[in-house]
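Here is the structure we will look at.
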Amino acid sequence: MINEHSNPLDDPAANPFDVARQAAEQIAERTGVEQHDIALTLGSGWAKAADLIGETTVTFPATDIAGFSKPALEGHVGSLRSLLLPGGKRALIIGARTHYYEGHGVRRVAHSARTAAATGAKVMILTNGAGGIRESWKPGQPVLISDHINLTADSPLEGATFVDLTDLYSSRLRALAKSVDPGLDEGVYVQFRGPHYETPAEVQMAKAIGGHIVGMSTALEAIAAREAGMEVLGMSLITNLAAGIQTTPLSHAEVIEAGRTAEPVISALLAKIVAEL
Ligand code: HPA
């Protein structure tokens, strides 16, 4: 059944790559930019980076574009922006992340990465707000994602699609980020389904299996980005220490507040990294 509110990705017969191509064509039409070079998904705390990275030429609601959904969450911006960078490159800013926990299926989660690739982007920067397992980390600190553990028990890939995930979070791009800020630490991101925060026991499990960061996004998007042939840079803003690592209860308000406080500093850092790409 098709109506104006339906999402083409919800039709099981639809090919998600066709929907991504259609979305990219609409973005090209809307922005007047035939090809974007870089795509950035800006999560909690990272939104201001867009203003520092380049000049915004066009902004529009993501829901105008095929396959994109309304953001489920206050504090998340549901817009797409096209930026002109000082060196002449074009960046697509995706302020509309569909989380796995929204329950709309993994195709909608992967759609922004697939669309980014279809616009021509060769590099995808994925950012998020997340919990820190390392006790030395402080809320407000940005860290690089070095690898991930996907605990959603799902994959954005369909069929016998055996994609290599070695060096998924590009060591080249991590080195470039560290050349901009040698103090940047890095760690393994563990994606849980959410939307509840982890229990302290789950955080201990994440630590025992090699995790340093806990969150509810990014891993599935990174897999889709790799499948689509893009080089991925992942960055987490540690908004809180993970459950049981910090002794106080976790709250969404705390996460948003930490993002707000850290935003100017991490946005400037991200802009400097993008300028080096
Ligand atoms: N866990 C999962 N997701 C999060 C957290 C956390 O502690 N903080 C911000 N997003």
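A short reminder: the numbers here are calculations on the coordinates, not readings from a lab. The structure displayed is predicted, hence computed values, not measured ones. Positions of Cβ are generated from backbone atoms using ideal geometry, with glycine treated the same way; all protein chains shown enter the neighbour counts.
So if I take the centroid of the Cα atoms in the stretch 30-81 and the same for the stretch 88-132, what is the distance between those two points in Å?
One Cα centre to the other: 10 Å.
When a footprinting reagent is the concern and you count Cβ atoms within 10 Å, what order do Arg134, Arg107, Arg114 take, fewest first?
Details: Arg134 17, Arg107 23, Arg114 26.
Result, fewest neighbours first: Arg134, Arg107, Arg114.
Place a +1 charge on the Cβ of each Lys and Arg in the chain and a -1 charge on the Cβ of each Asp and Glu, then give the dipole magnitude about the Cα centre in debye, rounded to the nearest 20.
On the way: 22 positive and 31 negative charges, 86 e Å.
Charge dipole, the chain, about its Cα centre: 420 debye, nearest 20.
Nearest-5 percent of antiparallel DSSP beta bridges in the chain? The partial results should precede the final answer.
Details: 17 of 47 bridges.
In the chain, approximately 35 percent of DSSP beta bridges are antiparallel ones.
Calculate the length of the line joining the C-alpha centroid of the stretch 134-163 to that of the stretch 232-277, in whole Å.
The two parts, judged by their Cα centres, are 15 Å apart.
As a footprinting exposure proxy, order Ser82, Ser179 by other Cβ within 10 Å, with the fewest listed first. List each step's numbers first, then the result.
Working: Ser82 23, Ser179 12.
In order of increasing Cβ crowding within 10 Å: Ser179, Ser82.
Arrange the following residues from fewest to most other Cβ atoms within 10 Å of their Cβ: Phe17, Phe68.
Numbers: Phe17 14, Phe68 24.
Fewest-to-most ranking of Phe17, Phe68: Phe17, Phe68.
Pick out, in residue order, every one of the GluC sites (Glu not before Pro) in the stretch 205-277 that is DSSP loop and has at most 13 other C-beta atoms within 10 Å; say none if there are none. Display every interim value, and only then the final one.
Details: sites: Glu221, Glu227, Glu231, Glu254, Glu257, Glu276; in loops: Glu276.
Hits after loop and neighbour filter: Glu276.
Using a Gaussian network model of the chain with C-alpha springs under 10 Å, which one of Val190, Val163, Val123 is most mobile by mean-square fluctuation?
Looking only at Val190, Val163, Val123, the biggest GNM fluctuation is shown by Val163.
Take the cross-link list Lys70/Lys207; Lys48/Lys138; Lys89/Lys138; Lys138/Lys178 and give me the ones stretching past 25 Å between alpha-carbons. Please report the intermediate quantities before stating the final value.
Details: Lys70/Lys207 34 Å; Lys48/Lys138 21 Å; Lys89/Lys138 34 Å; Lys138/Lys178 18 Å.
Beyond 25 Å between Cα atoms: Lys70/Lys207; Lys89/Lys138.
Normalised by the number of residues in the stretch 67-165, what is the relative contact order in percent for Cα pairs under 8 Å and 6+ residues apart?
Relative contact order here is 20 percent.
Taking only complete DSSP H runs, can you tell me which helices of the chain stretch 27 Å or more along their own long axis by Cα positions and average at least -0.5 on the Kyte-Doolittle scale? Intermediate results must be reported in sequence, preceding the final value.
On the way: long enough: 252-275 (32 Å, 0.79).
TM-like helix candidates: 252-275.
Nearest 500 deg cm²/dmol is fine: what mean residue ellipticity at 222 nm does the chain get from its DSSP H runs of n ≥ 4 alone, each adding -39,500 (n - 2.57), divided by its residue count?
Details: 7 runs with 86 residues, N = 277.
About -9500 deg cm²/dmol.
Starting from the alpha-carbon convex hull of the chain, give the projected area averaged over all orientations, in nm². Provide the component values of the computation, followed by the final result.
Working: hull surface 54.7 nm².
Seen from a random direction, the Cα hull of the chain projects 13.7 nm² on average.
With +1 on each Lys and Arg Cβ and -1 on each Asp and Glu Cβ, how big is the dipole of the stretch 137-277 about its Cα centre, in debye rounded to the nearest 20? Walk me through the numbers on the way to the answer.
On the way: 9 positive and 17 negative charges, 65 e Å.
Roughly 320 debye for the stretch 137-277.
Remind me, relative contact order of the chain in percent, using alpha carbon pairs under 8 angstrom and six or more residues apart?
Taking the mean separation of contacting Cα pairs over the length of the chain, I get 25 percent.
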